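Please read the structure below before turning to the comments.
The values are calculated or read from the model by the stated rules, or taken from the named source; none is laboratory data. Computed from a predicted structure; not experimentally measured. FYI the Cβ positions are ideal-geometry reconstructions off the backbone, even for glycines, and counts take in every protein chain you see.
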Amino acid sequence: MIKVEHLVKKYGDRYAVNDISFEVRKGEIVGFLGPNGAGKSTTLNILTGYLSSTSGKAMVDGLDILEHPMDVKKKIGFLPEQPPLYLDMTVREYLNFIYDLRKCKLNRREHINEIIRVVKLEGTENRMIKNLSKGYRQRTGIAGAIVGNPEVIIFDEPTNGLDPKQIIDIRNLIKELGKDHTVILSTHILSEVKSICDRILIINDGKIVADQLTGNIEGELRGNRRISVRVDGPCERVLAELKKLTGVVYASIGAEYGDGTASFLIESQNDVDIRKPMFYMLAKNNWPILSLEFPGANLEDVFISVVDESEHEQKKGGNK
Amino acid sequence: MIAIYKREMRSYFTSPIGYIFVAIFMAVSAWFFMSNTLQQGEASSPGSYFQLILVLFVAIIPLLTMKLMSEERKLRTEQLILTGPVTLPGIVIAKYLAAYTVFGGSFAVSSVIYYIPLSLYGNPNAVIYFCCAFAVLLAGGAFIAIGVFASALTENQFIAAFSTMAMLVPFIFASTLNSYINNGFIRTVISSLSVTSRYVSFASGVFDWPALVYYVSLSGLFLFLTVRVLERRRWA
């Protein structure tokens with residue numbers, strides 16, 4: 001549905017986007033994740049035809065955005081970082097304006113009422129946008145992006161500045177939209193991608209540093225497995241025995257509790273499961289296991305390690 | 001394009017701007033009209049009245065054009081219309097036409113109304129009268145194009161308004177400079193750029209084709225430049 005090839009955007013000498021390539025299939029919800037200033041918004045702005053790329057191609061449904069701007073723009077609904085609202089219009093007038101702007105063919109009344117219902121703007125539809133709260137303005141922006149039922153919807157930081165309840169509402173709404181639209185959303189909030197997206201693209205410093213299905217990303221990107229175990233036994237001896245297990249690359253005392261128990265953090269090689277040998281070893285020594293946790297690497301860790309890694313590589317590259 | 005035109009028209013009259021423009025224009029033009037034709041008893045030569053009107057438009061046309069582009073940029077609504085299925089020339093022309101409708105509409109109405117007392121109490125020359133009015137309509141079009149261009153250069157409405165005036169003043173007063181200049185070549189250049197010297201032949205009732213071309217191409221040039229400014233920003 002969306003295909004981006006070797007996209008480059010330069011502002012003066014600075015690369016905002018540096019040779020990005022990716023594909024989004026029909027019906028996917030893809031999360032664009034990256035720290036501030038990574039090039040997320042720039043990429044999305046190029047996809048929607050607001051900015052031009054310095055080089056490279058961006059295609060929607062097989063049509064190049066530069067060669068067929070009108071056809072491509074009809075297929076895309078866009079919510080920019082700051083929702084583009086005319087403050088002197090009411091919500092309904094605003095949606096009607098976009099309806100005209102996009103030259104929609106759907107039944108006007110039905111379609112706009114449907115959008116107002118889906119985005120939960122009932123009751124505010126005849127209020128001036130300038131009198132709405134941030135959350136409702138954001139919703140109005142989202143409503144604007146889905147007028148005309150575009151095949152692709154692009155959200156740039158859709159939950160920015162909303163309260164937790166609104167964030168959950170908007171996320172559910174996006175998930176709902178993802179059922180019959182192709183959705184791209186950018187964010188710097190990790191839990192957001194995790195809860196909404198099928199696939200994650202991590203972008204840092206204008207480059208894509210990871211492209212993974214959401215389910216895989218946490219396990220795969222991390223080299224080692226981590227276990228946290230609480231044991232009733234003499235700390236130092238337990239630690240020494242744990243370190244002796246095959247496959248363990250690192251072990252330390254996480255916390256000592258006053259009752260003679262302690263928790264240990266153990267990291268093992270990715271391909272070794274140490275839980276069984278560990279159980280037998282502790283049982284043999286008569287040190288009961290009180291709890292066993294698999295903290296895994298969470299998205300935050302993955303994100304930071306991926307971003308660090310790419311920065312590290314760039315430094316190495318720069319020294320060559 | 002129609003959507004943008006409709007939105008601009010609506011925004012003129014949901015904000016005070018449209019009313020302020022029409023009110024100032026009606027009040028000042030009526031006063032100019034009264035003191036220059038009725039009180040002078042010059043029903044047959046309304047030329048000086050229309051020349052004053054041109055000066056009035058230098059002051060009030062920026063009111064109409066100042067926010068056309070700058071406001072969109074400031075509120076980021078530009079992102080909405082530029083990512084919609086509308087071409088850049090379409091956007092610029094829609095906005096131009098909206099401003100022109102307000103300007104042209106109020107001017108045309110006033111011109112027709114003012115003709116009534118003239119014909120009641122005197123013997124005005126209809127050809128000269130409406131030729132002059134037509135020339136003002138053309139010149140106003142050029143003024144608006146310049147205003148649209150200035151508005152595309154900045155995010156600030158007031159800067160847009162003042163730079164529009166700064167650009168319009170030379171066009172209006174260029175010909176008065178000529179009396180201080182001896183060099184024939186420079187005089188020719190200045191008078192061919194001047195909006196008022198083009199206007200003179202209309203005032204004598206002659207339909208001046210080169211002047212028509214001049215006004216229309218001046219509008220076209222500045223609308224084209226506006227499109228280029230928007231285009232350039234995309235590529236920057």
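Just a few scattered comments:
- Subset tally (residues that are within 11 Å of chain A (Cβ to nearest Cβ) and assigned to a helix (DSSP H, G or I)) for segment B:75-92: 8
- Qualifying residue in segment A:228-240 (condition: of a type in the set (K, R), touching a residue at least 24 places away in the same chain (Cβ under 8 Å), more than 15 Å from A:W287 (Cα to Cα) and surrounded by 13 or more Cβ atoms within 10 Å (Cβ to Cβ)): no
- Near pairs, Cβ below 6 angstrom, 6+ apart or cross-chain, from segment B:1-24 (away from every other protein chain (no Cβ under 11 Å) and under 13 Å from B:S106 (Cβ atoms)) to any residue that is hydroxyl-bearing (S, T, Y) and part of a helix (DSSP H, G or I): B:G18/B:Y12; B:V22/B:S106
- The set of residues in segment A:196-215 that are hydrophobic (A, V, I, L, M, F, W, C) and over 28 Å from A:K10 (Cβ atoms) comprises A:I196, A:C197, A:L213.
- Of the residues B:V169, B:V195, B:V213, B:V148, the single one that is loosely packed, with under 14 Cβ neighbours inside 10 Å and under 14 Å from the mean Cα position of the chain (by Cα) is B:V169.
- Any hit, segment A:117-130, residues being over 19 Å from B:T14 (Cβ atoms) and either hydroxyl-bearing (S, T, Y) or assigned to a helix (DSSP H, G or I) (or both): yes
- Of all residues in segment A:246-257, those satisfying the criterion of being within 36 Å of the chain's Cα centre (by Cα), farther than 14 Å from A:E293 by Cβ and either touching a residue at least 24 places away in the same chain (Cβ under 8 Å) or surrounded by 18 or more Cβ atoms within 10 Å (Cβ to Cβ) (or both) are A:G247, A:V248, A:V249, A:Y250, A:A251.
- Here A:K105 clears all of (1) crowded, with 21+ Cβ neighbours inside 10 Å; (2) more than 12 Å from chain B (Cβ to nearest Cβ); (3) of a type in the set (D, E, K, R) except the condition numbered (1).
- Residue list for segment A:108-118, restricted to those being more than 16 Å from A:L85 (Cα to Cα) and surrounded by 14 or more Cβ atoms within 10 Å (Cβ to Cβ): A:H111, A:I112, A:N113, A:E114, A:I115, A:V118
- Qualifying residue in segment B:56-71 (condition: without any contact (Cβ under 8 Å) to a residue 24 or more places away in the chain and within 13 Å of chain A (Cβ to nearest Cβ)): no
- Here B:F202 fits the description: farther than 22 Å from B:A150 by Cα and assigned to a helix (DSSP H, G or I).
- In segment A:1-92, counting only strands (runs of 3 or more DSSP E) that sit wholly within it, the ones holding 2 or more residues that are surrounded by fewer than 18 Cβ atoms within 10 Å (Cβ to Cβ) and without any contact (Cβ under 8 Å) to a residue 24 or more places away in the chain span A:14-24.
- A single member of B:G140, B:G105 is in a helix (DSSP H, G or I), modelled with pLDDT of 90 or more and in contact with a helix residue (DSSP H, G or I) (Cβ under 7 Å, 6 or more places away or on another chain), and it is B:G140.
- Restricting B:S163, B:S119 to residues that are in a helix (DSSP H, G or I) and either acidic (D, E) or touching a helix residue (DSSP H, G or I) at 6+ places or on another chain (Cβ under 6 Å) (or both) narrows the list to B:S163.
- Residue within segment A:222-240 that is of a type outside the set (G, A, S), modelled with pLDDT under 70 and either assigned by TED's automatic domain parsing to the domain that holds A:F32 or out of contact with any helix residue (DSSP H, G or I) (no Cβ under 6 Å at 6 or more places or on another chain) (or both) present: yes
- Entry remark, segment A:73-92: residues being more than 8 Å from chain B (Cβ to nearest Cβ) and acidic (D, E) number 1 in total.
- Residue match in segment B:168-179 (condition: in contact with a Gly (Cβ under 9 Å, 6 or more places away or on another chain) and assigned to a helix (DSSP H, G or I)): yes
Residue-wise test of (1) part of a helix (DSSP H, G or I); (2) within 23 Å of A:V307 (Cα to Cα).
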{"position": "A:I154", "(1), (2)": "no, no"}
{"position": "A:N160", "(1), (2)": "no, yes"}
{"position": "A:I170", "(1), (2)": "yes, no"}
{"position": "A:I184", "(1), (2)": "no, yes"}
{"position": "A:E236", "(1), (2)": "yes, no"}
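- Residue identified as exposed (fewer than 13 other Cβ atoms within 10 Å of the Cβ) and either acidic (D, E) or on the phi > 0 side of the Ramachandran plot (or both) among A:G260, A:G206: A:G260
- Yes/no for A:V193 being modelled with pLDDT under 85, surrounded by 22 or more Cβ atoms within 10 Å (Cβ to Cβ), under 26 Å from A:V8 (Cα atoms) and not aromatic (F, W, Y): yes
Quick grid of which residues meet (1) under 21 Å from B:P46 (Cα atoms); (2) of a type in the set (G, A, S); (3) in contact with a strand residue (DSSP E or B) (Cβ under 7 Å, 6 or more places away or on another chain):
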{"position": "B:Q157", "(1), (2), (3)": "no, no, no"}
{"position": "B:A160", "(1), (2), (3)": "no, yes, no"}
{"position": "B:T164", "(1), (2), (3)": "no, no, no"}
{"position": "B:P170", "(1), (2), (3)": "no, no, no"}
{"position": "B:D208", "(1), (2), (3)": "yes, no, no"}
{"position": "B:Y214", "(1), (2), (3)": "no, no, no"}
{"position": "B:V227", "(1), (2), (3)": "no, no, no"}
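- Candidates are the residues of segment A:126-148 that are more than 23 Å from the chain's Cα centre (by Cα) and surrounded by 19 or more Cβ atoms within 10 Å (Cβ to Cβ); the one that is nearest to A:I174 (Cα to Cα) is A:V147.
- Options A:Q212, A:Q166; residue that is assigned to a strand (DSSP E or B), surrounded by fewer than 21 Cβ atoms within 10 Å (Cβ to Cβ) and modelled with pLDDT under 85: A:Q212
- Condition broken by B:K95, with the remaining ones in (1) within 19 Å of B:A145 (Cα to Cα); (2) within 13 Å of chain A (Cβ to nearest Cβ); (3) among the charged types (D, E, K, R) satisfied: (2)
- When segment A:18-47 is filtered for residues that are closer than 22 Å to A:L190 by Cα, among the aliphatic types (A, V, I, L, M) and at pLDDT 90 or above, the ones remaining, listed by number, are A:I20, A:V24, A:I29, A:V30, A:L44.
- Scan of segment B:10-59 for residues that are aromatic (F, W, Y) and surrounded by 18 or more Cβ atoms within 10 Å (Cβ to Cβ), ordered by number: B:Y12, B:F21, B:F25, B:F32, B:F33, B:Y49, B:F50, B:F57
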